[in-house]
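J.: Quick one: the structure is below, questions incoming.
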Amino acid sequence: MATAGGSERTATIDVVVVGAGMAGLYALHHFRELGFSTIVFEAGGGVGGTWYWNRYPGARCDVPSLEYSYGFSKELEQEWEWTEVFPPQEELERYFNHVADRFDLRRDIRLNTRVTAATFDEDASTWTVETEAGDVVTSRFLVMATGPLSAPMRPDMPGLDTFKGRVFQTSQWEDGTDVSGMRIGLIGTGSSGVQTTPELAAVAEQLFVFQRTPTYTWPSRNGPLDPEVQAAWKRDCVENRRMQREVFAGVTGSTGAIIVALPGEKAILESTEDDRLAMLEEHGFDASRKWSDTATNPEANELACDLFREMIRRTVHDPDVVEKLSPRGYPIGCKRPVVDTNYFETFNRDNVTLVDLRRGGIERITETGIQTEQGHFDLDVIVFATGFDALTGAVGRIDIRGRDGAALRDAWSSGPRTLLGLQCAGFPNLFTVTGPGSPSVLVNMVVASEQHVEWIGALLAWMREHGLTTVEPTLDAQDAWVEHVNQAAEGTMWTAPSCNSWYLGANIPGKPRVFMPYVAGLPEYIKEADAVAANDYEGFAFS
Ligand code: FAD
Ligand code: NAP
């Protein structure tokens, strides 16, 4: 086997997995258990994917730790102790390293090895995978566990290369970076920007938050994990893991932690003003997400937005800052819900300034800071919290060629096309884990990844049993699935005309506006995927 930096050709192996995040690690373990020789290429210097790269101050998961963890090994589940309700990046990184050691995964993982190209050889029915370091490996199957949020997006801002201070991106934060006592400019107020704002404010001489779109964000109420809750989860782990696949977002809620996206029971349109104010008194920001009708009814949603803005008024002292922070013109539920610790409170600090870019945008970066239409801001550090080329970005950065030399980039140029988010017609034996067209980023991704890896593993074993060499979707089945995915998203807040989210590709200039994940929830998806498998993989063609 070629090692990173080598340039050997190797004998054909069964599976190449790209990515050693949570999906890639489990894929390696599971495929090995099924008897398939497997290797993993990982661009990063360590395992854990998202939790290796996103080391910015405040990085944290917003699914409870007990639920955002593997369910495939009871032993692992019993021995690992979580410390907080919502795990911080360091703890998740430690967990994935523990998994790599515990299941002896490292011997088949090549770190610091970026895959640059993959070409399907129609005569041999194999994939030839090439890496930046010059390795060339052939495999029967190629599994992209490259992650839906792993291709960083940094806007092209004129003058950036002239800046004399330091520049960071939240998803490429380096350990040991000390920004204390500095004048920091933070660009972006999505989940990453919101999480890091209070942390940067605590150490900065001055923090300037450059906001283009105000954010709906809810308090996480994180804290130490109650040992009794942890013990109860472990005791009932078999039942809990079963339940995860039977609930919409793959989160049972049985840990008692407040979960972002669970709707309430009462209709806000049937409430009185007194009902709504009482809800506000009792639940604070959460009052805006306690209703049954806000996900589909724009009028109901706007009432919930009013409650949200009222909470900002009650939290932030300066009325002008309140106005700048108040989201308007797009509904709650259009973008990925954001979860924070003391985000709005941070704008009451003397060393924090909110720069509302709607009142004058960024013109350029200068040697000493950021020039906006509102004036110049002197800075020592610029932090980009500007997100990712989501769902298709990581796969799209690899030159993938299927039948007849066709490029996957071209096949997806008007939006990704898959069957079940797993495979694309014309690209035999190529799989995407939690790819576009599957629930993916809309649900607890550990549960979604385990389900995908197991589904792929079962298919590979079935092909071995039946003496089959290649698999790919039929065009008809793929077209029908794409249509189904589109229809499912219609009429939801996710696709509201006023909505511009990364789910829709709206954060990437020139990316087609297509809603990429499948919104019908995990149980419905699993039912459909299982039915396909039970029906001898109906919709897939074999040779
Ligand atoms: P990743 O963890 O992204 O791993 C993919 C790996 O593939 C990366 O290490 C990358 O380096 C590697 N890779 C990509 N391209 C190549 C290439 N060409 N060659 C070699 N290697 C390559 N999800 C939730 O469910 N709940 C959360 O609370 C949550 N919080 C998040 C917080 C942040 C900051 C981010 C960015 C994402 C969060 N997510 C969350 C989504 C998160 O990405 C998934 O939960 C999960 O980590 C995805 O695992 P993965 O293995 O599929 O992908
Ligand atoms: P994001 O949600 O895409 O946010 C990017 C931010 O950068 C937005 O505020 C965006 O403004 C701004 N921006 C982009 N280009 C800009 C420009 N040219 N000028 C000024 N502002 C610009 O990215 P993210 O915060 O990294 O989060 C991505 C996803 O990762 C999340 O949605 C979530 O799924 C996951 N995540 C989760 C957590 C967690 O709490 N569990 C934490 C971090 C990330 P506009 O809104 O105007 O485009």
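J.: Would you tally the residues in the range 232-246 being surrounded by 19 or more Cβ atoms within 10 Å (Cβ to Cβ) and among the hydrophobic types (A, V, I, L, M, F, W, C)?
T.: Total meeting the criteria: 1.
J.: May I ask you to say which residue of Thr474, Thr492, Thr470 is farther than 23 Å from Ala411 by Cα, among the hydroxyl-bearing types (Ser, Thr, Tyr) and touching a residue at least 60 places away in the same chain (Cβ under 8 Å)? If you could, list the steps in order and put the result at the bottom.
T.: Details: Thr474 fails: farther than 23 Å from Ala411 by Cα; Thr470 fails: farther than 23 Å from Ala411 by Cα.
Checking each option against the conditions leaves just Thr492.
J.: Can you name the residue in the range 58-73 that is more than 24 Å from Asp175 (Cβ to Cβ) and either near ligand 2 (Cβ under 9 Å from one of its atoms) or small (Gly, Ala, Ser) (or both) and, of all such residues, is surrounded by the fewest Cβ atoms within 10 Å (Cβ to Cβ)?
T.: As a first pass, look at the range 58-73 and keep what is more than 24 Å from Asp175 (Cβ to Cβ): 63-64, 66-67, 70-73.
Those left that are additionally either near ligand 2 (Cβ under 9 Å from one of its atoms) or small (Gly, Ala, Ser) (or both): 63, 71, 73.
Numbers: Val63: 23, Gly71: 19, Ser73: 15.
Across the range 58-73, the extreme among qualifying residues is Ser73.
J.: Checking Asn351 against (1) touching a residue at least 40 places away in the same chain (Cβ under 8 Å); (2) within 13 Å of ligand 2 (Cβ to nearest atom), which test does it fail?
T.: All conditions are met except number (2).
J.: Something else: Scan the range 183-192 and give yes if some residue there is assigned to a helix (DSSP H, G or I) and on the phi < 0 side of the Ramachandran plot, otherwise no. It would help to see each step written out before you state the result.
T.: Filtering the range 183-192 for residues assigned to a helix (DSSP H, G or I) gives 191-192.
Those left that are additionally on the phi < 0 side of the Ramachandran plot: 191-192.
Checked the range 183-192: at least one residue is assigned to a helix (DSSP H, G or I) and on the phi < 0 side of the Ramachandran plot.
J.: Still on this structure, please answer the following. Consider Thr138 carefully, then state whether it is assigned by TED's automatic domain parsing to the domain that holds Val395 and within 14 Å of ligand 1 (Cβ to nearest atom). Walk me through how you get there before you give the answer.
T.: Working: assigned by TED's automatic domain parsing to the domain that holds Val395: yes; within 14 Å of ligand 1 (Cβ to nearest atom): no.
In short, no.
J.: Taking the range 97-127 as the search range and keeping residues that are basic (Lys, Arg) and either free of Cβ contacts under 8 Å to residues at least 60 places away in the same chain or not in a loop (DSSP other than H, G, I, E, B) (or both), which one is surrounded by the most Cβ atoms within 10 Å (Cβ to Cβ)?
T.: To start, the set of residues in the range 97-127 that are basic (Lys, Arg) comprises 102, 106-107, 110, 114.
From the residues that got through so far, the ones that are either free of Cβ contacts under 8 Å to residues at least 60 places away in the same chain or not in a loop (DSSP other than H, G, I, E, B) (or both) too are 102, 106-107, 110.
Numbers: Arg102: 14, Arg106: 15, Arg107: 9, Arg110: 23.
Filtering the range 97-127 for residues that are basic (Lys, Arg) and either free of Cβ contacts under 8 Å to residues at least 60 places away in the same chain or not in a loop (DSSP other than H, G, I, E, B) (or both), the one surrounded by the most Cβ atoms within 10 Å (Cβ to Cβ) comes out as Arg110.
J.: Kindly provide the set of residues from the range 186-221 that are of a type in the set (A, V, I, L, M) and more than 14 Å from ligand 1 (Cβ to nearest atom), ordered by number. Reasoning before the result, please.
T.: Residues of the range 186-221 that are of a type in the set (A, V, I, L, M), as a first pass: 186-187, 194, 200-204, 207, 209.
Selection gives Leu186, Ile187, Leu200, Ala201, Ala202, Val203, Ala204, Leu207, Val209.
J.: A follow-up question, please. Looking at Gly193, is it of a type outside the set (S, T, N, Q), more than 21 Å from Arg359 (Cβ to Cβ) and within 26 Å of the chain's Cα centre (by Cα)?
T.: Numbers: of a type outside the set (S, T, N, Q): yes; more than 21 Å from Arg359 (Cβ to Cβ): no; within 26 Å of the chain's Cα centre (by Cα): yes.
Spelling it out, it is not the case that Gly193 is of a type outside the set (S, T, N, Q), more than 21 Å from Arg359 (Cβ to Cβ) and within 26 Å of the chain's Cα centre (by Cα).
J.: While we're here: Return the total of residues in the range 28-67 being in contact (Cβ under 8 Å) with a residue 60 or more places away in the chain, near ligand 1 (Cβ under 9 Å from one of its atoms) and not charged (D, E, K, R).
T.: 13
Residues are listed down the side, and each one gets a yes or a no for (1) within 16 Å of ligand 1 (Cβ to nearest atom); (2) outside the structural domain of Asp14 (by TED's automatic domain parsing):
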site	(1), (2)
Asp378	no, yes
Ala394	yes, no
Ile400	yes, no
Arg403	no, no
Leu408	yes, no
Gly415	no, no
Thr418	yes, no
Cys424	no, no
Asn429	no, no
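J.: Going through Ala458, Ala520 one at a time, which residue ends up being surrounded by fewer than 20 Cβ atoms within 10 Å (Cβ to Cβ), touching a residue at least 60 places away in the same chain (Cβ under 8 Å), among the small types (Gly, Ala, Ser) and part of a helix (DSSP H, G or I)? Before you say what the answer is, go through the steps one by one.
T.: On the way: Ala520 fails: part of a helix (DSSP H, G or I).
On inspection, the qualifying residue turns out to be Ala458.
The values are calculated or read from the model by the stated rules, or taken from the named source; none is laboratory data. What you see is a predicted model, and the numbers here were worked out from it, not measured in a lab. Cβ: placed from backbone, ideal geometry, glycine included. Neighbour counts: every protein chain shown.
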